Amino acid sequence: MRYRNILFHPRVAALPFGLMLAPFGWAAASGTDVQSATDDAGTIEEVLVSARRRGEERLQDVPIAVSVLSDEALRKAGIADLSEVASRTPSFTFGQQIGNQQEIVIRGIGTLRLTGSAAEPSVGLFIDEVYVGRRGTATPPLFDLERVEVVRGPQGTLYGKNVVGGAVNLVTARPTNETAARVAVSYGQFDAFGGRDIWEGSGYLTGGLTDTVAGRMAVYYRKHDGYSQNTLLDEALDDQDNYALRGSLSFEPSEALDIQLIADFSHNESNGQSRRAVDDLSLPGVGIVVGSGLLSDNVRESDAPWTQWEDQDTAGLTARIDYRFGGGHTLTYLSAVRHGDFSGRYSLVGTRSPPSLTDAANGQREKYTGITQDLRLSSPADGSGPLRWVAGLYFLREDTDVVDNSIATTFLSVLGPGSVGDILDGEFIYDQKNITKSSAIYGELSWAMTETLSLTVGGRYTYDDKDYRNRSECLDFGAQPDFIFCVAPLGAEVWNIRTSKSWSEFTPRASLDWRAAENALFYVSAARGFKGGGWQGKPGSEAAALFPYDPEIAWTYEAGAKTDWAGGRIRANVAVFHTSFDDLQVEQLDDAGLTLIIDNAASARIDGVELELQLRPLPELQLWLSGSYLDSEYRDFIDSAGNDLSGNRLARTPEFRFIGGADYTVPINDALALDARVEYQWQDDMPWLVENTVLEDSYGLLDARVALQARDAQWEVALFGKNLTDELYRVDAIPFLGDVFSRFGAPRSYGVQFTKTF
């Protein structure tokens, strides 16, 4: 039997507290200051973060659970999208149904699908502190970044709404006055259908333009053949053709004034995704694909009759002004606009009818524009005096248009009106428009009560106003004489409604941190977060379209430690937390309408432990191990069909996850060195939906890289491989009527990369 309350499990509880106490012995033995240790060879590199919006701080000084991927880690691991960030971060899972519906879950908290234009995520995404509400539509590829920060737990005070689970901060590389450039090109193959080509290139150029102006230009390109195949249309699927560019300028007209301008654009297109029906083992003998024996043995083959595609454009413009007053106070003004335009269509079942009862396809068209205005004043960054604070005003306007088009045919249409074939045959659209205006006032104050003890309190008041429109239309009732039902979930009823609603919330945070030694920080905190309310994306009736769901609220209580040992050669950070939810927004299947709906159906609790460990036993060798354990359950949860799901695990939440790796650099001679890197990521089984009937089995992914490099870092030739064991795993699953329509992750890939630095 699994222990249901991890916080009081004696063995688990002993681990973090043992790690917390260990540094005292190491500090006495080494007698080495952590900051100075980072200047010596063979120690762990110091990491700077901006998670508290106070400028850059040492990661080990920030009393928040934060994971950081540096530019070097991103480059060596070949990370270009959020899925690969998630696989390397404790308590972080990622899925994607279609390009505009990325599913990010941190600590068990996440929004599965943003099908409605008024829906909002539980985990916030920020690019240079600019919020991106529709991350699937408006997020460019990850390239030329200084770092990625993953902040876990509610951050409602400084970040605002929709960070009830946490936040992902993408920090782009800034221009430098010193001229520098890098170019990287690679070629590889997916181990599928005899080999499918992968081409990738990236580069940047930066330097001073005048004595007070510096610029930077970065480009990225990736194109790969599809690693799946539609055998009916003879078309490769799961392919990609992606390019992006970013330009930035940094102005320093005086010592007191900094101005940054950043503009970016990206384009991505593909032939769409492949899906495959897999038997739902919880419903043996039942299935919507009645002739499953007719399907190919290769799960990467499908025979859907629909033309599929995905097409995405993103663009952004950011301006930031920092003015430092004579006393050291800094006034920051951030103004930005982000835009995304997505269209795509995918087959829900991946095959024809017959053998499937239906061959439904879903199309999405989404346009998003977000305008951010943020004005804040912060105390001097040098930390002089016992008080440090930040206070500000915030405004966000989001315009989101979503057109959802579903079409289906079935060989059962011959049964006539009112039959099963009636609800599986036809075509409809939902045309939604939503305007969100969100205003907030926020502040946070840290008081150094003693030289080692600090208290931080903060709060944010947010007011949301939403104006929502939803129009439904049946384009085709299906085979004649069908006029009773369009296609699930839309019946014969159509509507064109407009409604509005406002919500307001106060989200406080308090923490107490103790600098027990130069190399040991302990903290406890309590924080409240919320996610905004909205309306159904695909309602079955006008009444359902008009009925809103409310915001979800979470409180998180956390204790943690950040420690360095052995003169900076060992780093161990640990967090233990408890999260409780009220009015949890739950996505569940409405069997009557055959659609997914969102309802404030449950309360929930999550207990967890997270550990991040880095070691540098030798100057040439770096080791890392991080992991998480999450014990989650729904409470008081009755679903739309009246089933009691209380006690079930939260969807998309594996209990155990860990990531481990090693990087070893050995000199060959005075001019050359060999660098070898290996990394393994593993996650426990997890339920796909709240019913917990369909699980993703545990799996692990093995990546490796070997590089011959110049010791002066001028060039590098590397061989790399991802998913080297060719693990078969799913990145999305839709259980429906006895089958699970599955989208599988990429197969094994390998290649060679050349990098030149100037």
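Below is a table of values for the structure above.
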read-out: Given (1) assigned to a loop (DSSP other than H, G, I, E, B); (2) buried (at least 24 other Cβ atoms within 10 Å of the Cβ), index of the condition Arg88 fails; value: (2)
read-out: Residues satisfying the stated conditions in the range 150-177, i.e. surrounded by fewer than 19 Cβ atoms within 10 Å (Cβ to Cβ) and closer than 30 Å to Val752 by Cα; value: Ala173, Arg174, Thr176
read-out: Residue among Asp264, Asp241 that alone is at pLDDT 95 or above, under 26 Å from Asn100 (Cα atoms), open to solvent by 30 Å² or more (accessible area, probe 1.4 Å) and in contact with a Lys or Arg (Cβ under 7 Å, 6 or more places away or on another chain); value: Asp241
read-out: Selection status of Gln273, open to solvent by 20 Å² or more (accessible area, probe 1.4 Å) and either at negative phi or of a type in the set (Gly, Ala, Ser) (or both); value: no
read-out: Members of the range 446-456 that are open to solvent by less than 70 Å² (accessible area, probe 1.4 Å) and among the aliphatic types (A, V, I, L, M); value: Ala448, Leu453, Leu455
read-out: Tally, over the range 660-671, of residues that are among the aliphatic types (A, V, I, L, M), open to solvent by less than 70 Å² (accessible area, probe 1.4 Å) and at pLDDT below 95; value: 2
read-out: Within the range 503-547, considering residues that are among the polar types (S, T, N, Q) and surrounded by fewer than 19 Cβ atoms within 10 Å (Cβ to Cβ), the one farthest from the chain's Cα centre (by Cα); value: Ser541
read-out: Top-ranked residue in the range 91-105 [being open to solvent by 10 Å² or more (accessible area, probe 1.4 Å) and either assigned to a strand (DSSP E or B) or acidic (Asp, Glu) (or both); ranked as nearest to Glu612 (Cα to Cα)]; value: Thr93
read-out: Output for the range 736-745, where each listed residue is open to solvent by 20 Å² or more (accessible area, probe 1.4 Å) and not aliphatic (A, V, I, L, M); value: Phe736, Arg743, Phe744
read-out: Criterion (at positive phi and touching a strand residue (DSSP E or B) at 6+ places or on another chain (Cβ under 7 Å)) met by exactly one of Asp599, Asp607, Asp685, Asp636; value: Asp636
read-out: Checklist (1) modelled with pLDDT under 95; (2) within 28 Å of the chain's Cα centre (by Cα); (3) in a loop (DSSP other than H, G, I, E, B) applied to Ala713, failing item; value: (2)
read-out: Filter pass, Glu716 being open to solvent by less than 40 Å² (accessible area, probe 1.4 Å), acidic (Asp, Glu) and within 30 Å of Val105 (Cβ to Cβ); value: no
read-out: Complete set of residues in the range 306-329 that are within 29 Å of the chain's Cα centre (by Cα) and farther than 26 Å from Asp374 by Cβ; value: Thr307, Gln308, Trp309, Glu310, Asp311, Gln312
read-out: Verdict on Glu691 being surrounded by 18 or more Cβ atoms within 10 Å (Cβ to Cβ) and more than 24 Å from Gly195 (Cβ to Cβ); value: no
read-out: Near pairs, Cβ below 6 angstrom, 6+ apart or cross-chain, from the range 207-235 (within 13 Å of Leu249 (Cβ to Cβ) and open to solvent by 70 Å² or more (accessible area, probe 1.4 Å)) to any residue that is assigned to a strand (DSSP E or B) and not acidic (Asp, Glu); value: Leu209/Gly215; Met217/Leu205; Met217/Gly247
read-out: Filter pass, Ser202 being in a strand (DSSP E or B), in contact (Cβ under 8 Å) with a residue 12 or more places away in the chain and open to solvent by less than 20 Å² (accessible area, probe 1.4 Å); value: no
read-out: Hits in the range 182-201 (condition: more than 15 Å from Arg748 (Cα to Cα) and within 27 Å of the chain's Cα centre (by Cα)); value: Ala184, Val185, Ser186, Trp199, Glu200, Gly201
read-out: Residues that are outside any loop (DSSP other than H, G, I, E, B) and among the aromatic types (Phe, Trp, Tyr), drawn from the range 305-350; value: Trp309, Tyr323, Tyr333, Phe342, Tyr346
read-out: Any hit, the range 579-588, residues being among the acidic types (Asp, Glu) and open to solvent by 40 Å² or more (accessible area, probe 1.4 Å); value: yes
read-out: Among residues of the range 633-669, those that are over 30 Å from Asp564 (Cα atoms) and over 20 Å from the mean Cα position of the chain (by Cα), counted; value: 19
read-out: Only one of Arg134, Arg147 that is surrounded by 24 or more Cβ atoms within 10 Å (Cβ to Cβ), touching a Leu at 6+ places or on another chain (Cβ under 9 Å) and under 24 Å from Phe265 (Cβ atoms); value: Arg134
read-out: Tally of residues being open to solvent by less than 50 Å² (accessible area, probe 1.4 Å) and closer than 29 Å to Pro141 by Cα across the range 321-332; value: 2
read-out: Within the range 94-121, tally of residues that are of a type in the set (Phe, Trp, Tyr) and over 21 Å from Pro140 (Cβ atoms); value: 0
read-out: Filter result (of a type in the set (Gly, Ala, Ser) and at pLDDT below 95) within the range 573-595; value: Ser580, Ala592, Gly593
read-out: Conditions (1) aromatic (Phe, Trp, Tyr); (2) in contact with a Phe, Trp or Tyr (Cβ under 6 Å, 6 or more places away or on another chain); (3) modelled with pLDDT of 95 or more; (4) within 30 Å of Ser603 (Cβ to Cβ): number failed by Trp535; value: (3)
read-out: Of all residues making up the range 721-735, the number that are in contact (Cβ under 8 Å) with a residue 40 or more places away in the chain, open to solvent by less than 30 Å² (accessible area, probe 1.4 Å) and more than 22 Å from the chain's Cα centre (by Cα); value: 1
read-out: Residue list for the range 615-653, filter: of a type in the set (D, E, K, R), farther than 22 Å from Gln588 by Cα and either open to solvent by less than 20 Å² (accessible area, probe 1.4 Å) or not in a loop (DSSP other than H, G, I, E, B) (or both); value: Arg616
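Residues checked against (1) in contact with a helix residue (DSSP H, G or I) (Cβ under 6 Å, 6 or more places away or on another chain); (2) more than 25 Å from Leu145 (Cα to Cα); (3) aromatic (Phe, Trp, Tyr):
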position: Tyr243; (1), (2), (3): no, no, yes
position: Ile262; (1), (2), (3): no, no, no
position: Glu269; (1), (2), (3): no, no, no
position: Ala277; (1), (2), (3): no, yes, no
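The values are calculated or read from the model by the stated rules, or taken from the named source; none is laboratory data. In this text, all values refer to a predicted model and were calculated from it rather than measured experimentally. Don't worry about glycine lacking a Cβ; one is built from the backbone with ideal geometry, like all the others, and counts go over all protein chains shown. Protein only, heavy atoms only, side chains kept; ligands, DNA and RNA dropped before computing areas. Shrake-Rupley method; radii C 1.70, N 1.55, O 1.52, S 1.80 Å.
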